[in-house]
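What follows is a set of notes on a single structure, which appears directly below.
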Amino acid sequence: MADAGHSLFISDLHLSPGLPGAVALFRRFLSEIAPQAEALYILGDFFEAWIGDDDLALPFHADIAAALRQLSERGVRLYLMHGNRDFLLGERFCQASGASLLSDPQLIDLYGSPTLLAHGDQFCTDDLAYQAFRQQVRNPAWQAGFLAKPLAERREMARQLRAQSELEKAAKEMAIMDVNLDALAATLRKYGYPRLIHGHTHRPAHHLHEIDGHACERWVLPDWYEGGGYLRCSRQGCEAVSLR
Ligand code: LP5
Ligand code: MN
């Protein structure tokens, strides 16, 4: 029986057959930690790359979806948000896993505290090359054209894009790839100064921002490349927990 007292937040697991450590850690998290929660929120980049729900034919993907479904069938509400790696996760994946898709950002009432959930890439507005790319690939017409290509061709395009992204990131200054504080403030203002939980930057932290005289806390989730971690929130507040 799920305990109704707390919710868990994770992001940036980058699950792939090539990262067996993260997969094993996630499976342990699913069997030992997540079942006690009321809800699990996955805030993007759950997969290393998602090229369309027809890739559920891959046993690795089908097994992960089935593991999530087992959790949701135990009564843990499961929520999924797109990241910049897996923005093509769709209805079929949600059905297979029992997850509900969130918008990005999404405002929720978390035990009485208004909380804004986001992947985080939208706040990296100094990264102009990335933002231009993002605009292109989030366009529904572009996505329909991409999804109409054969799986093997999509897989090869994603591989090339990943290589290009790693090359470009190596040449970008670290500050450019962090959130822009003005973009952050504008979003927090728009949503009424909530708490913010996001991932993407792989710079786990608990920040306190004062915006227009309002104190807003911002939790940045860790990636799962070497070890991982999650945020546990209840009526008492949030705490970051590391996993090894
Ligand atoms: O992902 P991360 O954290 O390493 O880096 C991101 C930004 N990069 C990306 C790209 C993703 O890593 C690749 C996702 C692959 C799966 C998607 C499936 C859909 C397929 C689309 C196929 C065309 O998001 C990176 C940011 C970084 O975060 C920090 O915020 O800097 O941004 C970039 O590096 C983007 C480049 O600056 C611009 C890319 C131009 C692409 C040009 C086309 C290359 C060849 C395409 C081959 C068909
Ligand atoms: Mn990301």
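Brief remarks on what is shown
- Counting only strands (runs of 3 or more DSSP E) that sit wholly inside the stretch 183-244, those with at least 3 residues that are under 27 Å from L128 (Cα atoms) and over 19 Å from the mean Cα position of the chain (by Cα) are 205-211.
- Taking (1) surrounded by 15 or more Cβ atoms within 10 Å (Cβ to Cβ); (2) within 16 Å of ligand 2 (Cβ to nearest atom) in turn, H209 satisfies each apart from (2).
- Near pairs, Cβ below 8 angstrom, 6+ apart or cross-chain, from the stretch 68-81 (under 15 Å from F29 (Cα atoms)) to any residue that is assigned to a helix (DSSP H, G or I) and among the hydroxyl-bearing types (S, T, Y): L68/S97; R69/S97; S72/S97; L78/S72; L78/S97
- Any hit, the stretch 101-112, residues being within 18 Å of the chain's Cα centre (by Cα), farther than 19 Å from L8 by Cβ and either modelled with pLDDT of 95 or more or not hydrophobic (A, V, I, L, M, F, W, C) (or both): yes
- Positions within the stretch 36-59 being of a type outside the set (D, E, K, R), more than 15 Å from C94 (Cα to Cα) and open to solvent by 20 Å² or more (accessible area, probe 1.4 Å), in sequence order: Q36, A49, L58, P59
- Taken together, the residues in the stretch 13-48 that are over 17 Å from S103 (Cα atoms) and under 12 Å from the mean Cα position of the chain (by Cα) amount to 5.
- Residue in the stretch 155-162 that is of a type in the set (K, R), more than 19 Å from D12 (Cα to Cα) and within 7 Å of ligand 1 (Cβ to nearest atom) present: no
Residue by residue, here is whether (1) within 16 Å of ligand 1 (Cβ to nearest atom); (2) open to solvent by less than 70 Å² (accessible area, probe 1.4 Å) holds:
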residue: E166; (1), (2): yes, no
residue: I197; (1), (2): no, yes
residue: E217; (1), (2): no, yes
residue: L221; (1), (2): yes, yes
residue: R232; (1), (2): no, no
residue: R235; (1), (2): no, no
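- Complete set of residues in the stretch 137-150 that are in contact with a helix residue (DSSP H, G or I) (Cβ under 8 Å, 6 or more places away or on another chain) and under 17 Å from R85 (Cβ atoms): V137, W142, Q143, F146, L147
- Scan of the stretch 130-174 for residues that are in a loop (DSSP other than H, G, I, E, B), under 24 Å from D54 (Cα atoms) and away from ligand 2 (no atom under 14 Å from the Cβ), ordered by number: N139, A148, K149, P150
- Residues of the stretch 220-242 that turn out to be over 14 Å from I42 (Cα atoms) and in contact with a Cys (Cβ under 6 Å, 6 or more places away or on another chain), as a count: 0
- Long-range neighbours under 7 Å by Cβ, at least six apart or interchain, first residue under 16 Å from F47 (Cα atoms) and modelled with pLDDT of 95 or more within the stretch 158-173, second within 6 Å of ligand 1 (Cβ to nearest atom) and not aromatic (F, W, Y): A158/A49; A158/I51; R162/A49
- Lone unmet requirement of (1) away from ligand 2 (no atom under 16 Å from the Cβ); (2) closer than 28 Å to Q136 by Cβ; (3) in contact (Cβ under 8 Å) with a residue 60 or more places away in the chain for D53: (3)
- When residues of the stretch 112-138 are limited to those that are among the polar types (S, T, N, Q) and open to solvent by 70 Å² or more (accessible area, probe 1.4 Å), the one nearest to ligand 1 (Cβ to nearest atom): Q136
The values are calculated or read from the model by the stated rules, or taken from the named source; none is laboratory data. What you are looking at is a predicted structure, and each value in this text was computed from that prediction instead of being measured. All Cβ positions, even for glycine, are placed from backbone atoms using ideal geometry, and neighbour counts span all protein chains on display. These accessible areas exclude ligands, DNA and RNA; they are computed on the full protein's heavy atoms, side chains included. Shrake-Rupley method; radii C 1.70, N 1.55, O 1.52, S 1.80 Å.
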